[in-house]
Amino acid sequence: MSVRVPAMSVLPPVRRDRVIVQLPQYFRKEAALHTKDEFHNKVKTACQEQRTGTVGFKISKVIVVGDLAVGKTCLINRFCKDAFDKNYKATIGVDFEMERFEVLGVPFSLQLWDTAGQERFKCIASTYYRGAQVVIIAFDVNDIASLGHVRQWLEDSLKENDPTSVQLFIVGTKKDLSSPAQYSQIEQDALKLAQEISAEYWAVSSLTGENVKEFFFRVASLAFETNVLAELEKSGSRQIGDVVRINSTSSNLYATPKKKQPNCCQ
Amino acid sequence: MNPFDCSGSPRHEEPADGRCPWSRFTSWLECVCVVTFDLELGQAIELLFPPDVKLTEKEKTTICYLSFPDSYSGCLGDTQFSFRLRQSVGRRASRSREDIYNRDAPVTLQKEVSHFCGYVYFRQVKDVTVKRGYFQKSLVLVSRLPYTHLFHSLLQIIAPEFFEKLEPCLETVCNEIDQWPSPVPGMTLNLPVMGVVLQVRIPSKTDKPGGSPVRQTSSENLLPFPTLLPTVHELDLFRSFQSVLIHLQMLWELTLLGEPVVVMAPSPTVSSETVLALVSSISPLKFCCDFRPYFTIHDPEFREFTTRTQAPPHVVLGVTNPFFIKTFQSWPHVVRLGEIRMTGDLPKQLKVKKLSKLKILDTKPGIYTSYKTFLHKDKILVKRLFKGFQRKRPSEVQSAILRRHLVELTQSFIIPLERYMASLMPLQRSVTPWKTPPQIRPFSQDEFMLTVDHTGPQLTSGLRGDWMGLYRKFFKSPNFDGWYRQRHREMSQKLESLHLEVVCDADLVGWTRDKSEVEIVDLVLKLREKLNKAHRQQLQLKDGVSDKLETFILSIIRTLPGDLQTELRTH
């Protein structure tokens, strides 16, 4: 589920290295949410014609779960802060990062929820999971047990959500610590699991940065695509934008919500 | 505490004077806990003193969660904050209403009956000797006493030392605390711990509110020289309210009326200090609603407080987790505090904003409410505080100005009520020995309102506005209910004391002369019951009243036939 941001809210401009113009590709064809080369045509057209409705003001909730010490915080920190600390402290409770993108010219935000992996956290964590659009389950590619626990994390995180509306990713971390032979072995298991639970599979290294940016871009793009398609579906036959276009040559949908909130200057 | 329960821990030596081990300790603290962040488990209690302290599993788990930040745990170094938790259901309520301490302490400093207060010292530092390279531990004092300043000062002394030397050090400290004199209202006490002596004065009910608490009274030769703590409980109000000074009137009213308030703060420290400051802002009036200086989603009351099926409860909650932004969207008053930068400037004052603005995730600091104050704000006070800040007036002085203003405001509000309440007391001459004590007249809101025109708050406060409206709303709040019950109880007890005194002065022997055996036995039983009740309630009686009545009872029993005498003595 996503949260509406009023049109007037003044956000800083999107960083130039967070601009997505093309659909980033999957990591492994066998385990991808979809294997198309480009964004859905409807989505591209909608973006071109600026008919994305409220998507541009939405924030998608992404939760990152997985066993303790698999590197959830390091993964987020590598992407959001471009930093890596080998001795990263255990996360107590939950931390948040907001990451803003521009996809096909439309602003789009991910709110990343970084959680603790400890036993004690599990019993309460489901409260946090509610309303997640994307669930990222991390495991350590050097620790087969952490892959084994993916199913449990999946079950916990879907308890509070509609399983059909959640986009699922499995991410193997610490790829740099694994030899090619070791890695390809665990990858077989991971791919198999990913197919079984309909998740997209990725392997990354937060230390070297390998695939980290690519991964989050893919997450943002797929979440965005889903949101726009849902928005188009919702408006159904009465295509969004149409009403405005009849009356206005600028066809700028973003301007319309302003009229509904005349007194919201801060 | 059950006297048969005092076996204590085997390692805790029995005090030389034959007291139960831990008996003095428990007059200050319920227990001391060390909570660690276990890399496998998460929050876990590592050490507990006294080891046999009676805490339920649920209480222990709650203490664990409340002892760590539940979000944005990145803060490095040492952090101090406070929490409050409800004791588990089914636990025997402590009989503190009849406790001598509670009788003599100011109502705002009475021992908690069904809650515990927690005082936390959390350390998170790099430590190469442990796995994952970080030391993450909290030392927590759990008590029923709301002595925020004393316990945080104590933590500042013992926590750094404990984190270096660990367990043995903590045991020594607990033994030292077990030597402390018990807290007695009005007394100045010396509390030795780790080579320093803390000198504190325990406030008393008879202290003048708003009076200066700092007074060096003891001339004893103490070595080492005692460290004087100016207060056991007072907070740095100026620091806590610095970004909301211009909304002080609103915050005071919201607290007075027991309105549901959520404080969203950047850290547990700011969250707990702000909530405690709010609650103390109506002192000397007791805040009778629930309040949680630091509330997390792990709290057992999470569902109770966040349910949408009924109106928000009368509680003040301090939170840090952004998760709550959504949860508390429908709450009537949300104070969202921002990060306070120490630039030497007074932080920007928060703005009042519409509640609908809270529906976004990265909301800005502000007070989100549609509340309109009944009284106008005191602009002179705000100006004075701003000026004082520019002139670098010390924070303690600023806090004292703020506290004085709030005390005067609360007193202006409450004095007319006190006066009216006192008028409900029966005349002293209507208390006679041969009748049951007269009844206190019922409280009539309308009758009270009639007094406000002439003897209302305008006599003592320059603040203008709708005082009547404020009273009307106050009558519906738990704070009024709590105040009324307390006053009513005190007045009933006063009547009871007066009654016992007139009974004592009456010619009881003369009365018995022409009475039947049954009537005399009835008198003995009634008097006994009255004395027992007086004893139980710690009634303050004139000297000799109790003794004289006891003697009378005994002498009257002696005039009765032998079998009745034995019967009455064994009863």
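Taking 0.36 nm per residue of sequence separation and removing the Cα-Cα distance, the B:E304/B:T570 pair yields an extension gain of 90.7 nm.
Taking amide H as placed 1.01 Å from N in the peptide plane, B:Q43 has its amide H under 5 Å from the amide H of B:D38, each at least 5 places away in sequence or on another chain.
Among rounded, prolate and oblate, which fits the protein assembly as shown when a ≥ b ≥ c are the square roots of the eigenvalues of its C-alpha gyration tensor, a/c under 1.5 means rounded, and a/b larger than b/c means prolate? Judged from the Cα gyration tensor, the protein assembly as shown comes out prolate (a/c at least 1.5, a/b above b/c). Under a 5 Å amide H to amide H cut-off, with H placed in plane at 1.01 Å, what residues pair with B:H333 once short-range neighbours are removed? Those lying under 5 Å, H to H, from B:H333 are B:V262.
In the protein assembly as shown, what percentage of the DSSP-assigned beta bridges are antiparallel, given to the nearest 5? Bridges in the protein assembly as shown that DSSP calls antiparallel: roughly 60 percent. Note on B:C169 and A:E196: the model spin-label points, each 7 Å out from Cα along the C-beta direction, lie 5.0 nm apart. Based on alpha-carbon atoms, the Kirkwood radius and the radius of gyration of segment A:68-141 give Rg/Rh equal to 0.99. By the count of other C-beta atoms within 10 Å, a proxy for reagent exposure, B:M421, B:M491, B:M468 are ordered fewest to most as B:M468, B:M491, B:M421. Separation of segment A:57-132 and segment B:41-55, taken as the distance between their Cα centroids, equals 31 angstrom.
Couplings 3J(HN,Hα) for segment B:401-418, derived from phi with the Karplus relation 6.51 cos²θ - 1.76 cosθ + 1.60 (θ = phi - 60°), are 4, 4, 5, 4, 4, 5, 4, 5, 5, 4, 5, 4, 6, 8, 4, x, 5, 4 Hz, where x marks Gly and Pro. Which translational diffusion coefficient, to the nearest whole µm²/s, is obtained for segment A:1-133 from the Stokes-Einstein equation, given a Kirkwood hydrodynamic radius over C-alpha pairs, 4 °C and 1.567 mPa s? My calculation gives 76 µm²/s for D. The shape of chain B comes out oblate: with a ≥ b ≥ c from the C-alpha gyration tensor, a/c is at least 1.5 while a/b does not beat b/c. Note on the protein assembly as shown: helix-only mean residue ellipticity at 222 nm, from DSSP H runs of 4+ residues weighted -39500 (n - 2.57) and normalised by residue number, equals -11500 deg cm²/dmol. When you count the other C-beta atoms within 10 angstrom of each residue and take the mean per peptide, A:55-66, A:120-131 line up highest first as A:55-66, A:120-131. Residues A:S146, B:S370 in ascending order of nearby Cβ atoms (within 10 Å, fewest first): B:S370, A:S146.
Rounded, prolate or oblate: which fits segment B:23-184 when a ≥ b ≥ c are the square roots of the eigenvalues of the alpha-carbon gyration tensor, with rounded for a/c under 1.5 and prolate only if a/b beats b/c? The shape class here is prolate. The distance separating the Cα centre of segment B:536-571 from that of segment B:365-440 comes to 45 Å. The Rg/Rh ratio for segment B:234-493 is 1.02, where Rg is the radius of gyration of the alpha carbons and Rh is the Kirkwood radius.
For segment B:73-83, backbone phi angles converted through the Karplus equation (6.51, -1.76, 1.60; θ = phi - 60°) give residue-by-residue couplings of 7, x, 4, 9, x, 9, 10, 10, 7, 10, 9 Hz, Gly and Pro being listed as x.
Amide H contacts of B:L228: B:Q199, each under 5 Å away and 5 or more positions distant or on a separate chain (H built 1.01 Å from N in the peptide plane; Pro and chain starts excluded). Modelled label positions at B:D446 and B:H115, each set 7 Å beyond Cα in the direction of Cβ, lie 3.7 nm from each other. Computed from Cα positions, the angle between helix B:268-280 and the longest principal axis of chain B comes to roughly 40 degrees. Past the 25 Å Cα-Cα mark, which pairs from B:K286/B:K526; A:K86/B:K137; B:K364/B:K392; B:K58/B:K131? Beyond 25 Å: B:K286/B:K526; B:K364/B:K392; B:K58/B:K131. Annotation: extensible slack from B:H376 through B:S182 equals 65.4 nm (criterion: 0.36 nm per residue apart, minus Cα-Cα distance). How big is the antiparallel share of DSSP beta bridges in chain B, given as a percent to the nearest 5? Restricted to chain B, the bridges split so that about 75 percent are antiparallel.
Rule-based calculations on the coordinates, nothing more; no lab input. For clarity, every value in this text was computed on a predicted model and none was experimentally measured. Cβ atoms come from the backbone with ideal geometry, glycine included; neighbour counts cover every protein chain shown.
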